[in-house]
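Structure, as structure tokens:
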Protein chains: 2
Amino acid sequence: MAPPHVVVVGGGFGGLWTTRGLARADVRITLIDRRNHHLFQPLLYQVATAGLSAPDIAAPLRHILRGQRNVEVRLGEVVAIDAAARTLALADGTRLAYDLLVLASGATHAYFGHDDWAAHAPALKTLDDALEVRRRVLLAFERAEAADDAAERAAWLHFAVVGGGPTGVELAGTLAEIARHTLRGEFRRIDPSQARVRLIEAGPRVLATFPERLSAKARRQLERLGVEVVTGAPVGAIDATGYVLAGERIAARTVLWAAGVAASPLAAMLGAPCDRAGRVQVAPDLTVPGGRPEIFVIGDAAAVRTPDGHPVPGVAPAAKQMGRHVARTIRDRLRGRPSRPFRYRDYGNLATIGRRAAVVDLRGVRFSGVLAWWFWLAAHVFFLIGFRNRLIVLLNWAWAYLTYQRHARIVLEREARADTGAAAAPDG
Amino acid sequence: MAPPHVVVVGGGFGGLWTTRGLARADVRITLIDRRNHHLFQPLLYQVATAGLSAPDIAAPLRHILRGQRNVEVRLGEVVAIDAAARTLALADGTRLAYDLLVLASGATHAYFGHDDWAAHAPALKTLDDALEVRRRVLLAFERAEAADDAAERAAWLHFAVVGGGPTGVELAGTLAEIARHTLRGEFRRIDPSQARVRLIEAGPRVLATFPERLSAKARRQLERLGVEVVTGAPVGAIDATGYVLAGERIAARTVLWAAGVAASPLAAMLGAPCDRAGRVQVAPDLTVPGGRPEIFVIGDAAAVRTPDGHPVPGVAPAAKQMGRHVARTIRDRLRGRPSRPFRYRDYGNLATIGRRAAVVDLRGVRFSGVLAWWFWLAAHVFFLIGFRNRLIVLLNWAWAYLTYQRHARIVLEREARADTGAAAAPDG
């Protein structure tokens, strides 16, 4: 009998850890991703803020898996899933049959019903997103320098980050550092340190998943870095030239979105029950409930709860654990053993804020500031895939730390030209 | 009296060295570039072949010049020059008046009257170009892996490089290394080492500016790396699915252009006499002949001859020397001294071919092979701008050398999607 065909959709933490967990199993695996690389998402904000190059935090999936002979990596976009026929369709017309399907397609941004905001407030999920944010931030200072009008200059120097979760905090802290330190002395008509960086959170505090005391510390650290933190205030509207906050219109050319995520649209194609964010409400063994034991959904595409009812957070360690669990379940099934329920092990919660500022919550052991920052840095470099990347990222950081410089401050010609005369154009 | 306003167009080697040479002169300088960065062009082929990241070989112009208080850097595209009125116009509508103009706008590709080839055979002048070549090369292997048909697969695995100058030789040598070593073991349906890499030169030998003996050595080194070298054969046509050589049509999905350069179109706007490549035929002091002593043209935008009538080559050292010469001429004029003619000092000629293969011609001292390769590497790292970049580039190379890996093998999602189903689409 031919070994079963396992199709894994998505080469993020969930999909990659599933695939690796099946290295010695008697299965044939096809790993499909729209990109040719695995992305170390926790450092994506560093690409968006020009501290790292795109290749620093990405590694080709083929290369990572070259030694695993039961895997075929396929660059492609899944556009349809036929659960009854057990097939899926790719954008290039190919149809693939599966015996087991692991949907690890991740999350995308959600604008809470305001899809028109997407054009004006890019979010941060992929390398494409990060390069777009980088382009906007770097060009904003250029436009401010070229502006003749004081109000226009101020609008180019207003950076609003919407959403006070870890990504929003990281972005705002780093933008403040860029304005205050990195660009010092490089402009002749503007003073970059006069840029306003505003972090806007609709809820009562930033980093809401952390204990209150750490949220308060994070806020103070942000303010010390020069970020204006606004809480309890939802953004009312966003367009090309500004946003509305508490009824007031504010002129701002750069608004970044770090507020909402939703599961990839593939999750909805299964016809399974989903939560409000579009995540599939999976069974305890991470399969799709209702007679589809051959389909697993993991990572940000799945809504999973701990036995005591807490939602499992959408973080890399959770996705890796789910990937490993699915691999174990598949191996068990091949041996005729029953599935075990998934148990999330929470090792803690880290968030970085900026230079020498972070908060750490290790299930009770809580600290912040310089020590937390070093801890965060060590953990992230340790988990970064590939020895080379770790080394280069460490060196880039050491360099940035010593000099305040950010080496990836590159705007391509095509990017710069895309909004020549942007001051007049509506797309900002 | 206000200090004279020097406008420098282009932040490449010529423009940057002019600007630096005027650091202590009593002038006001505006440096205009379409990009925000200076690019170390001699290593561009490394970005195209995924060995280096774009930021590794580029540094923001503002950052390089931050300490020079008499310079204002401006991101913008010059669209018109009015030499009579001594003004120029930018794409965003700004008009700038100059007292002295230094045109260092560089070169672009020339397709010898076949502009329709440009879409099918990208060339290599800017970071945008390099990332486009990288995308095509990486996706070609992906398409070959996905292809069901043997002929189609072969077409995706045929890489033709047109032009046997230094860029063509570097590209072909590196492509052969990628196919034979870097991708080894990563594919399941194709064997990347079966890819054909062909270097096509219309003239009788590769590296025609080198002595014949070194050309012959280069050819042998290329062949040892697995490159098929075809000389004395001009390409007859190029389209999305192949090219014509010596009357024969060859199916190839990736054709790269390294054959012709032409001066930037700005040079022609001066109304001065140009050579066939559109370069301004400048006076011995690098000014525009015929009553325009306030306009200098340098670097690849200028056609310059040595006193004994040899053309000055379009290489980085020549552009730097011209930049320094113009700065000296301007300083002399401010002191009422006469201009001196430009003298090109030829320190030699280097070309790399691939791993441990290069040719070096130091005005008589000629060598090739491993030693030449180390010499080439040392020279290029030494001249790379910015200490950080040198260090990172060296490390990337050391890593690549030891492992045969190329860390920048990233295809962005937008790039991959741009030709989903490319096998059927005409744009390849």
Q: Take A:E201 and decide whether it is open to solvent by 40 Å² or more (accessible area, probe 1.4 Å) and assigned by TED's automatic domain parsing to the domain that holds A:F141.
A: no
Q | Boolean, B:R324 is of a type outside the set (A, V, I, L, M, F, W, C), modelled with pLDDT of 95 or more and either in a helix (DSSP H, G or I) or not assigned by TED's automatic domain parsing to the domain that holds B:V161 (or both) | A | yes
Q) Before we move on, is A:P307 more than 21 Å from the chain's Cα centre (by Cα), modelled with pLDDT under 90 and loosely packed, with under 14 Cβ neighbours inside 10 Å? A) yes
Q. Any idea which of (1) modelled with pLDDT of 95 or more; (2) open to solvent by 20 Å² or more (accessible area, probe 1.4 Å); (3) more than 26 Å from A:P60 (Cβ to Cβ) is the one B:R143 doesn't satisfy?
A. (3)
Q: Starting from region B:94-110, keep only residues that are aromatic (F, W, Y), then list their pairs with residues that are in a loop (DSSP other than H, G, I, E, B) whose Cβ atoms are within a distance under 7 Å, requiring at least 6 positions of separation or different chains.
A: B:Y98/B:R86
Q: Kindly provide the set of residues from region B:235-244 that are open to solvent by 10 Å² or more (accessible area, probe 1.4 Å), out of contact with any Phe, Trp or Tyr (no Cβ under 7 Å at 6 or more places or on another chain) and of a type outside the set (D, E, K, R), ordered by number.
A: B:G236, B:A240, B:T241, B:V244
**Q.** Conditions (1) open to solvent by less than 40 Å² (accessible area, probe 1.4 Å); (2) over 18 Å from B:A302 (Cβ atoms); (3) not hydrophobic (A, V, I, L, M, F, W, C); number of the one not met by B:G14
**A.** (2)
Q. Within region A:96-141, restricting attention to residues that are among the small types (G, A, S) and closer than 26 Å to A:V288 by Cβ, which residue is farthest from the chain's Cα centre (by Cα)?
A. A:A97
Q | Filtered residues of region B:52-76 (kept if out of contact with any helix residue (DSSP H, G or I) (no Cβ under 6 Å at 6 or more places or on another chain) and more than 16 Å from B:W17 (Cα to Cα)) | A | B:P55, B:R74, B:G76
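Can you find even one residue in region B:257-278 that is within 30 Å of B:M322 (Cβ to Cβ) and β-branched (V, I, T)? I'd like the intermediate steps shown before the answer.
Within region B:257-278, the first condition is being within 30 Å of B:M322 (Cβ to Cβ), and the residues that meet it are B:257-278.
Next cut, β-branched (V, I, T) only: B:261.
Yes, there is a match, as at least one residue in region B:257-278 is within 30 Å of B:M322 (Cβ to Cβ) and β-branched (V, I, T).
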Q: Could you tell me which of the residues B:I330, B:I353 is farther than 22 Å from B:D26 by Cα and either touching a Cys at 6+ places or on another chain (Cβ under 8 Å) or β-branched (V, I, T) (or both)?
A: B:I353
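A quick yes/no check of all residues on (1) more than 23 Å from the chain's Cα centre (by Cα); (2) open to solvent by less than 10 Å² (accessible area, probe 1.4 Å); (3) in the same structural domain as B:G173 (by TED's automatic domain parsing):
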{"residue": "B:A233", "(1), (2), (3)": "yes, no, yes"}
{"residue": "B:A252", "(1), (2), (3)": "yes, yes, yes"}
{"residue": "B:P265", "(1), (2), (3)": "no, no, no"}
{"residue": "B:M269", "(1), (2), (3)": "no, no, no"}
{"residue": "B:L286", "(1), (2), (3)": "no, yes, no"}
Q. Using beta carbons and a limit of 7 Å, which pairs, at least six apart or on different chains, have the first residue in region A:68-80 and of a type outside the set (S, T, Y) and the second one assigned to a strand (DSSP E or B) and open to solvent by 40 Å² or more (accessible area, probe 1.4 Å)?
A. A:N70/A:R28
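How about region B:45-59: which of its residues are under 21 Å from B:V9 (Cα atoms) and either open to solvent by less than 10 Å² (accessible area, probe 1.4 Å) or more than 10 Å from every other protein chain (Cβ to nearest Cβ) (or both)?
Result: B:I57, B:A58.
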(Q) Can you tell me which residue is surrounded by the fewest Cβ atoms within 10 Å (Cβ to Cβ) among those in region B:74-87 that are within 26 Å of the chain's Cα centre (by Cα) and more than 8 Å from chain A (Cβ to nearest Cβ)? (A) B:A80
Q: Taking the options B:R363, B:R340, name whichever one is outside the structural domain of B:E294 (by TED's automatic domain parsing) and touching a helix residue (DSSP H, G or I) at 6+ places or on another chain (Cβ under 8 Å).
A: B:R340
Q. Pick from A:F210, A:F187, A:F159: which is within 25 Å of the chain's Cα centre (by Cα), touching a residue at least 12 places away in the same chain (Cβ under 8 Å) and within 24 Å of B:D92 (Cα to Cα)?
A. A:F159
Q. Out of (1) within 30 Å of B:V370 (Cβ to Cβ); (2) in contact with a Leu (Cβ under 8 Å, 6 or more places away or on another chain), the odd one out for B:P313 is which?
A. (2)
Q: Scan region A:94-105 residue by residue and report those that are open to solvent by 60 Å² or more (accessible area, probe 1.4 Å) and either basic (K, R) or within 14 Å of chain B (Cβ to nearest Cβ) (or both).
A: A:R95
Q | helices (runs of 4 or more DSSP H) wholly inside region A:353-428 containing at least 1 residues that are at pLDDT 90 or above and more than 9 Å from chain B (Cβ to nearest Cβ) | A | A:370-383
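The values are calculated or read from the model by the stated rules, or taken from the named source; none is laboratory data. Since the structure is predicted, the reported quantities are computational estimates derived from the model, not experimental observations. Reconstructed Cβ throughout: ideal geometry from the backbone, glycine too, with neighbour counts over all protein chains shown. Accessible surface is based on the protein model in full, side chains and every heavy atom, while ligands, DNA and RNA are left aside. Shrake-Rupley method; radii C 1.70, N 1.55, O 1.52, S 1.80 Å.
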